[in-house]
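The values are calculated or read from the model by the stated rules, or taken from the named source; none is laboratory data. Please read these numbers as outputs of a predicted model, since none were measured by experiment. As a convention, Cβ positions derive from the backbone with ideal geometry for all residues, glycine included, and neighbour counts pool all protein chains shown. Calculation scope for accessible area: heavy atoms of the full protein, side chains included, ligands and nucleic acids excluded. Shrake-Rupley method; radii C 1.70, N 1.55, O 1.52, S 1.80 Å.
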Amino acid sequence: MPNSNIRVRFAPSPTGPLHIGGVRTALYNYLFAKKTGGTFILRIEDTDQGRYVAGAEDYILKSLKWLGLDPEEGPRIGGEYGPYRQSERKEMYGKYAMQLIENGKAYYAFDTPEELDAKRKEEAAKGNHNFRYDNVTRNEMKNSLTLSDTEVEQLTTNGNKFVIRLKIPVNEAVTFTDLVREEVTFQTNELDDKVLLKADGMPTYHLANIVDDHLMKITHVIRGEEWLPSTGHHILLYRAFGWEGSMPQFAHLPLILKPFGNGKLSKRDGAKFNMPVFPLAWKADSEKDSFLGFREFGFLPEAAINFLAFLGWNPGTEQEMFSLEELCETFSIEKISKSGARFDYDKAKWYNQQYVHATDAATLAKMTRPLVDVKEYEVSDEFLLSYCDLMKDRVVLLNDFLSEGNYFFEGVREYDDKNISKRWNPEIRRSFEALSELINGTADFNANSLETAIKNFINGNNLKMGQIFPLLRIALAGTMKGPDVFRMIELLGKTETVARLKKAMDYFDKI
RNA sequence: GCUCCUAUAGUGUAGUCCGGUUAAGCAUUUUGGCUUCUCAAGCCAAAGACUCGGGUUCAAAUCCCGAUGGGAGCACCA
């Protein structure tokens, strides 16, 4: 149960997969709610029927779930302020729009999209490239301000199409205090008469958003900076409704910028730079509209959260690792930075590595299991557990568990020829044969006793470590890289180790 | 073009409100070293920044003004 009246909402539009900027907005809303003992609400803003994408709502819910950002109210969850899908609230918006018509804060407009388009082109031809439907131009357009009552009467009945526009007052200043940007001012003369209710009877974002935030008793609107320019309209709307007294406070978040070059991070940047910009995979009809997510790239949700939290916020201390719970305790809007943050994929990977290192092998094994199964490797849980324990220090992304030690699962596919030919000779071959015997004869088959036995063997035969270990490693793994050889041998097991040695010796002879 | 927002190393940021004890801290990245059978990890070290120009002041990254750069918005999309 919430123990404060603070209510925040995350209000995505189901037009496709939720990008990472949206996820961060959700995160900050969630953190603020938790920090203040308030309520985190999910509202689906699906007022544009043309842009609705099936599966998008599902995707949003799944993404929040994966990240652990569970809304307390929302579609499929319920709550006392529902419904939480705007398409299901359609009737209310019309009613509120009418209220503004009646008190003179809004008016009917009958200009068709085609007419408006033509008007814009006409103005552009005259050199005026920013035609606005505003407190000047509305006097020469087709609307209830310029037409006679009878004409308006006719045009609004009999199923004629019209929109309702907000009547922006002339020559006023709208000032508000943004929680991250301090005082922001807009001149009403610069604001256009936004459409509130579309010809299809659906509200635009502006109307639906204000009505719902009011009805849902939202106290703080935490959203992306792209909304800052329309906040003037929103405040005017609150005023028009007479709701200014209970208007929520605004906090506009800095944008997430492209990792390289200019502009804000876009969904195409993921494919372009081979990095995830969505939480989960999204499958579309076409290849180019399908994307992998943080999860598929091998990120732990905790790491994604920690990384995202620090993109535009920091606690002001030197602590960098924060669990979701710790973030809930530490988060504060005052610490949000004002300027856009570049998407730093290196830092994201670093966070993941830290989390992988801090996670116990059993948990990692559980997460690696599906990856192993996809590859159709047949390995026991016990093997996978030891494997994860052995390899986790050299893993950055979960998928590295496969690539870094693929030789464990599929045997050696390729030997490092160059490093073999430098070292291999008949004398060493005899040592290897003896070594193979030794390993085969080791009763207590574990890394420690193997180490003692093998080192004794090397010393006892006047050999040097450098003559044996590199070749031994290549024989078992194909490469000079990898974890502790003795632990490798232990994990491979006696039979497999001896078999690999035999195969390797035959191969080495041929180089 | 117009409106609004913003400006500390390659990147993310601390410090800016309440000017001096910090010729700027942390992390990442890069480079080098230690460790080690190798590769990682870990540890140590190095490199690297107050956008510019004016002012105010004994003193400015910090206050004021201007310029420049960057970003967003300007739909019957959200």
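Scan around A:Lys264 for amide H atoms under 5 Å from its own, H built in the peptide plane at 1.01 Å from N, and keep only partners 5 or more places away or cross-chain.
Here the answer is A:Lys258, since their amide H atoms fall under 5 Å of that of A:Lys264.
Pairs A:Lys95/A:Lys121; A:Lys264/A:Lys335; A:Lys464/A:Lys502; A:Lys366/A:Lys503; A:Lys464/A:Lys503; A:Lys422/A:Lys464: which are spaced more than 25 Å apart, C-alpha to C-alpha? Intermediate values should be presented prior to the final figure.
Values: A:Lys95/A:Lys121 34 Å; A:Lys264/A:Lys335 21 Å; A:Lys464/A:Lys502 21 Å; A:Lys366/A:Lys503 32 Å; A:Lys464/A:Lys503 23 Å; A:Lys422/A:Lys464 15 Å.
Too far apart for the 25 Å limit: A:Lys95/A:Lys121; A:Lys366/A:Lys503.
Checking the cross-link filter: which lysines have an alpha carbon closer than 26 Å to that of A:Lys119, excluding same-chain neighbours under 8 positions apart?
A:Lys119 reaches A:Lys105, A:Lys142, A:Lys161, A:Lys167, A:Lys194, A:Lys198.
Excluding A:Ser403 itself, calculate the net charge of residues whose Cβ lies under 13 Å from the Cβ of A:Ser403, where each Lys or Arg counts +1 and each Asp or Glu counts -1. Display every interim value, and only then the final one.
Values: positive: A:Lys375, A:Arg394, A:Arg413, A:Lys481; negative: A:Asp400, A:Glu404, A:Glu410.
Every neighbour counted, the sum reads +1.
Sequence-distant or interchain residues sharing an amide H contact under 5 Å with A:Arg181, placed H: which?
Hits under the 5 Å cutoff: A:His252.
In whole angstrom, how far apart do the alpha carbon centroids of region A:485-511 and region A:159-178 sit?
77
Please name which of A:Phe409, A:Phe250, A:Leu145 has its Cα lying farthest along the dipole of chain A towards the positive end, using unit charges on Cβ (Lys, Arg +1; Asp, Glu -1) and the Cα centre as origin.
Checking the options against the dipole of chain A, the answer is A:Phe409.
Go ahead and estimate [θ] at 222 nm for chain A from helices alone: -39,500 (n - 2.57) per DSSP H run with n ≥ 4, summed, over the residue count, rounded to 500. Can you show the working numbers first?
Working: 22 runs with 233 residues, N = 511.
The helix contribution divided over chain A gives -13500 deg cm²/dmol.
Only Lys, Arg, Asp and Glu count, each charged at its Cβ (+1, +1, -1, -1), so figure out the dipole size of chain A about its Cα centre, rounded to 20 debye.
Working: 65 positive and 74 negative charges, 205 e Å.
I would put it at about 980 debye.
Any idea of the accessible area per residue across region A:359-399, 1.4 Å probe, to the nearest Å²?
55
What is the distance in Å between the Cα centroid of region A:76-115 and that of region A:1-34?
Comparing the Cα centres of region A:76-115 and region A:1-34, I get a distance of 23 Å.
Per residue, how much accessible surface does region A:417-510 expose to a 1.4 Å probe? Answer in Å², no decimals. Could the numbers behind the result be given before it?
Working: 4830 Å² over 94 residues.
Accessible area per residue, region A:417-510: 51 Å².
Please compute the contact order of chain A in relative form: average sequence separation of alpha-carbon pairs under 8 Å and at least six residues apart, divided by the residue count, as a percent.
Values: 742 pairs, mean separation 59.7, N = 511.
The normalised contact order for chain A reaches 12 percent.
Could you give each residue of region A:368-383 its phi-based ³J(HN,Hα) in whole Hz, using Karplus coefficients 6.51, -1.76, 1.60 with θ = phi - 60°, and x for Gly or Pro?
7, 3, x, 5, 5, 5, 4, 6, 6, 7, 9, 10, 7, 4, 4, 4
When we measure straight from the Cα of A:Lys267, which aspartates and glutamates land under 13 angstrom away, once same-chain ones fewer than 8 places off are left out?
A:Asp289
What residues have an amide H closer than 5 Å to that of A:Gln249, excluding those fewer than 5 places away on the same chain, when H is modeled at 1.01 Å from N in the peptide plane?
Amide H neighbours of A:Gln249, under 5 Å, 5+ apart: A:His220, A:Val221.
Over chain A, with every protein chain in place, what whole percent of the accessible area is carbon and sulfur at 1.4 Å, could you tell me? Write down the numbers at each step before the final one.
Values: 11900 of 24480 Å².
The C+S portion of the solvent-accessible surface of chain A is 49 percent.
What are the ³J(HN,Hα) couplings of region A:417-434, residue after residue, when phi is run through the Karplus curve with 6.51, -1.76, 1.60 and θ = phi - 60°? Round to Hz, x for glycine and proline.
Running phi through 6.51 cos²θ - 1.76 cosθ + 1.60 with θ = phi - 60° gives 3, 4, 7, 7, 4, 5, 10, 7, 7, x, 5, 5, 4, 5, 4, 5, 4, 5 Hz.
Which is farthest toward the positive dipole end of region A:417-510 among A:Ile489, A:Met505, A:Leu435, measuring Cα position about the Cα centre, with Cβ charges +1 (Lys, Arg) and -1 (Asp, Glu)?
Final value for the positive-end residue is A:Met505.
Work out which trypsin sites (Lys or Arg not before Pro) in chain A are exposed loop sites (DSSP not H, G, I, E or B, at most 13 other Cβ within 10 Å) and give the longest gap free of them. Can you show the working numbers first?
Details: sites that count: A:Arg76, A:Lys126, A:Lys161, A:Lys283, A:Lys338, A:Lys375, A:Arg413, A:Lys422, A:Lys464, A:Lys481.
In chain A, the maximal stretch lacking such sites is A:162-282.
How big is the charge dipole of region A:87-209 about its Cα centre, in debye rounded to the nearest 20, if each Lys and Arg gets +1 on its Cβ and each Asp and Glu gets -1 on its Cβ?
Details: 17 positive and 22 negative charges, 39 e Å.
The calculation lands at about 180 debye.
Could you work out the relative contact order of region A:168-261? I mean the mean sequence separation of Cα pairs under 8 Å and 6+ apart, divided by the number of residues, in percent.
Numbers: 114 pairs, mean separation 30.0, N = 94.
Normalised by residue count, the contact order of region A:168-261 is 32 percent.
Output the 0 to 90 degree angle, nearest 10, between the alpha-carbon long axis of helix A:447-460 and the longest principal axis computed from the alpha carbons of chain A.
40
Taking Cα atoms, how many degrees apart are the long axis of helix A:113-125 and the longest axis of chain A, rounded to 10 and kept between 0 and 90?
Rounded to the nearest ten degrees, it is 90.
In chain A, what percentage of the DSSP-assigned beta bridges are antiparallel, given to the nearest 5? Mind showing how you got there, number by number?
Values: 18 of 33 bridges.
So the antiparallel bridges amount to about 55 percent of the total.
Whole-Hz Karplus ³J(HN,Hα) for region A:283-288, in order, using 6.51 cos²θ - 1.76 cosθ + 1.60 and θ = phi - 60°, x for Gly and Pro?
Taking θ as phi minus 60°, the curve returns 9, 10, 4, 9, 4, 6 Hz for region A:283-288.
With the other protein chains left in place, how much accessible area per residue, in square angstrom, belongs to region A:162-232 at a 1.4 angstrom probe? Before the final figure, lay out each step's value.
On the way: 2580 Å² over 71 residues.
For region A:162-232, the solvent-accessible area averages 36 Å² per residue.
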